[in-house]
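No value in this document is a laboratory result; all are computed from the given coordinates. Please read all numbers here as calculations on a predicted model, not as lab measurements. Don't worry about glycine lacking a Cβ; one is built from the backbone with ideal geometry, like all the others, and counts go over all protein chains shown.
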Amino acid sequence: MSDPLKPVTAGLEAGLRGLARDAAAAGELAAFVRQSLPEPLRPHVVSAARRGDDIVVIVDSAAWAARVRYAGPRVRETLEARGERLAGKLRVRVGRPVGRAP
């Protein structure tokens, strides 16, 4: 007897591996962005990810977003020294950390 769910789950494993790889890359990028920022700003970086040529940094409030944006040239220099290709902009957005109530 064949499994009726087989067509649904057939490509699931490869997709999950891709998601895990992307999540790991985003985690590494966020950690590196944190390291390149001054100490008071580091805990406020929620995540970072590539979006095309841009790098998008998510912080936990608008006040910290302005400060991270101001530190953008320092982050950019550090990323380029690491060998990251940064053809686009460093964008800073506000987002809420996962698991934190509104």
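Worth a mention:
- A DSSP coil position with no more than 15 other Cβ atoms inside 10 Å describes the following GluC sites (Glu not before Pro) in region 14-100: 84.
- Considering only 86, 26, 65, the residue lying farthest towards the positive end of the dipole of the chain is 65, judged by Cα position with unit charges set on Cβ.
- Exposed trypsin sites (Lys or Arg not before Pro) absent: longest stretch of the chain, with sites in DSSP loops and at most 11 other Cβ within 10 Å deemed exposed: 1-84
- The orientation-averaged projection of the convex hull spanning the C-alpha atoms of the chain amounts to 8.9 square nanometres.
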